[in-house]
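The structure appears right after this line, and notes come after that.
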Amino acid sequence: MTGCRTRSLTWFGQLWEYETPKVIVVKNRHLGTIYRLLQLLIIVYFAWYVFVVQKGYQAQETGPESAVITKVKGVSTSKASRGAKRIWDVAEYVKPPEGGSIFTIITRTESTKLQTVGTCPESKSVIDARCVSAEDCRYGDMHVLGHGLQTGRCVNATRGSLRTCEILAWCPLEDETVTSESLHEFVPSFTILIKNNIHFPQFGFSKGNIEGENALKSCTYHPIHSPSCPIFTIDFIVKEAGVNFTEIAYKGGIIGVIINWNCNLDLHPSKCRPQYTFRRLDLRNNISTGYNYRFAKYYNKNGTEARTLIKVYGIRIDVIVHGQAGKFSLIPTIINLATALTSIGVGTVFCDWILLTFMNKDHMYSLRKYDKVWKLEEMNTATITTVSSLQDSPATSESLCTNHDPPYKDSPSPLSESITDQKGQQEQSCDGTELPPGS
């Protein structure tokens, strides 16, 4: 019980301890070199990288509010069935036509014409629809990869002895009578106008990528000669994305136009300009490559609803906008300055670790660095004499030789013996009486 009480009192007493740094000058060439190098590295890091590169003195805002409007210009042709030429304009080859940030320019089509609702054999490519007899076909079944509803009959597939289940669908099927048209001959010369307006709400700053009244009359984007022009050719976009045009026109693909706004609002607003980069976004592999989709055009044929199913391959353009803006602010400046000044102390911690771990000879550095000092509980304050009172007193020599208890007591150290000897010599010189050793 007594031990627990003692430990509790000891722990309670530690609550009132106070630690203060002690300055010790260590004259060591190697340790001093390490210390100065660490300080230099920390200063260079904060001065160059944090404040110059990262602009640590600014308040930052990322992800601006953005609006994108696109317009495509150009006309192309394709060879239709029986060698006839067909004209393609913007209303036909741009999907969707609204002019948003994502759109497709059609480069090739596969059309299945004169489709009507009726019965026909399922496609041979649907493995689950292959059959030997009617027992293999269940009425009302529908395969996920199929084209229609099974009728329960097993019939001969078109062009071959293979038999498949009969289905109710849009017939004839796409795989049987498809015709292909390519219009990529003039596609490289198509132009795309990209209008982009951004807004940083934190700073109340808005900017667009079109500057000047005559900016759109006769310009085409070039990263060096015309970096502010927002009109791009398909040929330039495809080349900058590192894509072969013939390949992407045949199988389709997705290309991203990345617009990056990096604005330093401490400068004039005219210095805030977008940077354009281009990259292919779809993955090219053996499983699924390219980009395509289907749509249908419906019409009436002799009172019967019919349609033309069109599978299109094209270049899909995704306009992606990124951005960040910065402006001087006192709060981040103070925070980074305080962090820099605090980080300089890392050199002291590191050198102390080296000093006490690898260079601590006979614990000499430890004894010099760590001291424990506490105030005596019972102390006669009247015995403390100031320097000024010593100078004014007529019995100066007698007061100087009077031995009083110090106001603070130090923990024992290797120097205690030498201090005791010096104290004994002082007492001997004052009263003229030689004291015995140890008294």
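Values for this structure:
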quantity: Residue in segment 347-366 that is aliphatic (A, V, I, L, M), under 19 Å from F51 (Cβ atoms) and not assigned by TED's automatic domain parsing to the domain that holds I102 present; calculated: no
quantity: Within segment 121-194, strands (runs of 3 or more DSSP E) holding 3 or more residues that are over 52 Å from the mean Cα position of the chain (by Cα); calculated: 149-156, 163-171
quantity: Qualifying position, being within 30 Å of N262 (Cβ to Cβ) and in the same structural domain as I259 (by TED's automatic domain parsing), among I320, I334; calculated: I320
quantity: Some residue of segment 31-54 being under 30 Å from I259 (Cβ atoms) and in contact (Cβ under 8 Å) with a residue 24 or more places away in the chain; calculated: yes
quantity: Candidate set from segment 2-27 (those that are basic (K, R) and outside any helix (DSSP H, G or I)); member that is modelled with the lowest pLDDT; calculated: K22
quantity: Criterion: part of a loop (DSSP other than H, G, I, E, B), in the same structural domain as I192 (by TED's automatic domain parsing) and either within 18 Å of I317 (Cβ to Cβ) or not hydrophobic (A, V, I, L, M, F, W, C) (or both) - qualifying residue of G99, G118; calculated: G99
quantity: Tally, over segment 58-88, of residues that are farther than 28 Å from K217 by Cα and loosely packed, with under 14 Cβ neighbours inside 10 Å; calculated: 8
quantity: Test for A91: is it small (G, A, S), in the same structural domain as T107 (by TED's automatic domain parsing), assigned to a helix (DSSP H, G or I) and within 46 Å of the chain's Cα centre (by Cα); calculated: yes
quantity: Members of segment 165-197 found to be modelled with pLDDT of 90 or more, β-branched (V, I, T) and over 30 Å from L216 (Cα atoms), listed by number; calculated: I167
quantity: For L330: the one exception among (1) more than 30 Å from V68 (Cβ to Cβ); (2) surrounded by 11 or more Cβ atoms within 10 Å (Cβ to Cβ); (3) of a type in the set (A, V, I, L, M); calculated: (2)
quantity: Some residue of segment 243-258 being touching a residue at least 40 places away in the same chain (Cβ under 8 Å), in contact with a Pro (Cβ under 7 Å, 6 or more places away or on another chain), of a type outside the set (K, R) and in a helix (DSSP H, G or I); calculated: yes
quantity: Residue match in segment 152-160 (condition: in contact (Cβ under 8 Å) with a residue 40 or more places away in the chain and over 24 Å from V68 (Cβ atoms)); calculated: no
quantity: Residue count, segment 267-320 (criterion: among the basic types (K, R) and either more than 30 Å from P227 (Cα to Cα) or in contact with a Pro (Cβ under 6 Å, 6 or more places away or on another chain) (or both)); calculated: 6
quantity: Test: residue in segment 28-51 that is closer than 18 Å to W353 by Cα and assigned to a loop (DSSP other than H, G, I, E, B); calculated: yes
quantity: Candidates F232, F203, F245 - the one that is of a type outside the set (V, I, T) and either within 29 Å of K327 (Cα to Cα) or under 21 Å from the mean Cα position of the chain (by Cα) (or both); calculated: F203
quantity: Candidate set: segment 220-261, residues that are out of contact with any helix residue (DSSP H, G or I) (no Cβ under 8 Å at 6 or more places or on another chain) and of a type in the set (D, E); chosen: the one modelled with the highest pLDDT; calculated: E240
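The rows are residues; the columns are (1) over 30 Å from P172 (Cα atoms); (2) surrounded by 13 or more Cβ atoms within 10 Å (Cβ to Cβ); (3) in contact with a His (Cβ under 8 Å, 6 or more places away or on another chain); (4) of a type in the set (A, V, I, L, M, F, W, C).
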residue: D266; (1), (2), (3), (4): yes, no, no, no
residue: S270; (1), (2), (3), (4): yes, no, no, no
residue: Y276; (1), (2), (3), (4): yes, yes, no, no
residue: L283; (1), (2), (3), (4): yes, no, no, yes
residue: T289; (1), (2), (3), (4): no, yes, no, no
residue: K301; (1), (2), (3), (4): no, no, no, no
residue: A340; (1), (2), (3), (4): yes, yes, no, yes
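The values are calculated or read from the model by the stated rules, or taken from the named source; none is laboratory data. Just so it is clear, the structure is predicted and the values come from calculations on it, not from any experiment. Don't worry about glycine lacking a Cβ; one is built from the backbone with ideal geometry, like all the others, and counts go over all protein chains shown.
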